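The structure appears below as structure tokens.
The values are calculated or read from the model by the stated rules, or taken from the named source; none is laboratory data. In this text, all values refer to a predicted model and were calculated from it rather than measured experimentally. All Cβ positions, even for glycine, are placed from backbone atoms using ideal geometry, and neighbour counts span all protein chains on display.
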Amino acid sequence: MDTSTELEVVSPSLARQALPVPPQHSSVELERTYRKERLAGALRIFGKFGFAEGVAGHITVRDPEFPDMFWVNPFGVSFSHIKVSNLILVNHKGEVVHGDYPVNRAAFAIHSAIHAQRPDVVSAAHAHSIHGKAFSTLHKPLRYLTQDDCAFYNDIDLIKDNGGQVVFDTGLGESFASSFTKKAAIHANHGLFTSGASVDEAAFWFVSLERSCQAQLLALSAGDPVDIKDEWVAESYRLTGNSYAGWLSFQPLWQDIALSDPELFS
């Protein structure tokens, strides 16, 4: 994540101010702890937003020392109860190499393929959120109706293959990953996927995309919404759709969950 460049994109004056930036750690151990804490926090945020649907849904983050392995929430544990100590480390054979819980096979099949095919993806998020599910049944791309929608301008895939099918087979996961080329995706009859250079970014894009789907469903049910002009969408994307903007937008959510759920760190 080139934070200095992206700060300049947001605003040259802001780049000279003391805005928060992603921390740089002096060891892989410190970076690993940081990523796991962010992962546990993001999962709890998903729980608070009501994104849970039984055992479905997962967020992954690549291990900083072993990039062919990723940390993920364990199968069958509530988003709202996740702690750092619950997280499991999974290799690309689907084996749990650290942790005492099983892995969600669908999480492995899809996310292992995403991490293998997308070296730019440090973290990926998916949940069966209600508005994302509903919007995915339309088999239509996201429209740019609100300022928040612009963060996904030309940066979201609509994937129709295997929509609605439970993905346990690694071949289906690889097929999905090959179509997932941007930071977000709408998987037909399934739901939303997002990715980023950090847990913070991937989690925020998911929250934002879910809300965009909700707003569009409301607008479409109320009448005939008007799209934002392309040049305005492009400019808004330049300011709000970059990696740093995604990371920064997550920070208020992190502050809330770290204060309200301190047990996540145990």
Single residue of the range 65-114 satisfying the filter (free of Cβ contacts under 8 Å to residues at least 60 places away in the same chain and hydroxyl-bearing (Ser, Thr, Tyr)) that is nearest to Val55 (Cα to Cα): Ser78
Neighbours by Cβ (under 8 Å, 6+ apart or cross-chain): first from the range 221-232, under 9 Å from Leu145 (Cα atoms); second of a type in the set (S, T, N, Q) and in a loop (DSSP other than H, G, I, E, B): Ile228/Thr146; Ile228/Gln147
Residue pairs meeting the criteria (Cβ under 9 Å; at least 6 apart or on separate chains; first modelled with pLDDT of 90 or more, in the range 158-181; second small (Gly, Ala, Ser) and part of a loop (DSSP other than H, G, I, E, B)): Leu158/Ala188; Ile159/Ala188; Lys160/Ala188
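Residue-by-condition table, conditions (1) assigned to a helix (DSSP H, G or I); (2) small (Gly, Ala, Ser):
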| position | (1), (2) |
| --- | --- |
| Ala113 | yes, yes |
| Asp120 | no, no |
| Ala134 | yes, yes |
| Thr146 | no, no |
| Asp161 | no, no |
| Leu172 | yes, no |
| Ala177 | yes, yes |
Contacts under 8 angstrom Cβ, first residue in the range 252-266 being at pLDDT 95 or above, partner not in a helix (DSSP H, G or I), 6 or more apart: Glu263/Lys83; Leu264/Ile82; Leu264/Lys83; Phe265/Lys83; Ser266/Lys83
Complete set of residues in the range 216-237 that are loosely packed, with under 11 Cβ neighbours inside 10 Å and not acidic (Asp, Glu): Ser221, Ala222, Gly223, Val226, Lys229
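It is to be established whether one or more residues within the range 85-98 are touching a strand residue (DSSP E or B) at 6+ places or on another chain (Cβ under 9 Å), assigned to a loop (DSSP other than H, G, I, E, B) and either under 24 Å from Tyr237 (Cα atoms) or modelled with pLDDT of 95 or more (or both).
Yes, the range 85-98 contains a residue that is touching a strand residue (DSSP E or B) at 6+ places or on another chain (Cβ under 9 Å), assigned to a loop (DSSP other than H, G, I, E, B) and either under 24 Å from Tyr237 (Cα atoms) or modelled with pLDDT of 95 or more (or both).
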Candidate set from the range 171-210 (those that are within 12 Å of Lys133 (Cα to Cα) and not hydrophobic (A, V, I, L, M, F, W, C)); member that is surrounded by the fewest Cβ atoms within 10 Å (Cβ to Cβ): Asn189
Residue within the range 125-133 that is closer than 28 Å to Ser236 by Cα, crowded, with 18+ Cβ neighbours inside 10 Å and of a type in the set (S, T, N, Q) present: yes
Test set (1) in contact with a Pro (Cβ under 7 Å, 6 or more places away or on another chain); (2) under 30 Å from Ser221 (Cα atoms) - Gln147 fails condition number: (1)
Test: residue in the range 33-49 that is under 30 Å from Gly132 (Cβ atoms), part of a loop (DSSP other than H, G, I, E, B) and either modelled with pLDDT of 95 or more or not aromatic (Phe, Trp, Tyr) (or both): yes
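Is it the case that the range 188-199 has a residue that's of a type in the set (Ser, Thr, Tyr), touching a Pro at 6+ places or on another chain (Cβ under 8 Å) and not in a helix (DSSP H, G or I)? Even if it seems obvious, please write down each step before you answer.
As a first pass, look at the range 188-199 and keep what is of a type in the set (Ser, Thr, Tyr): 194-195, 198.
Adding the requirement that they be touching a Pro at 6+ places or on another chain (Cβ under 8 Å) leaves 198.
Narrowing the set further to residues that are not in a helix (DSSP H, G or I) leaves 198.
Checked the range 188-199: at least one residue is of a type in the set (Ser, Thr, Tyr), touching a Pro at 6+ places or on another chain (Cβ under 8 Å) and not in a helix (DSSP H, G or I).
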Test: residue in the range 57-78 that is of a type outside the set (Val, Ile, Thr), modelled with pLDDT under 95 and in contact with a Pro (Cβ under 6 Å, 6 or more places away or on another chain): yes
Residue in the range 126-138 that is among the charged types (D, E, K, R) and modelled with pLDDT under 95 present: no
Filter pass, Leu138 being more than 22 Å from Asp200 (Cα to Cα), under 17 Å from the mean Cα position of the chain (by Cα) and not in a helix (DSSP H, G or I): no
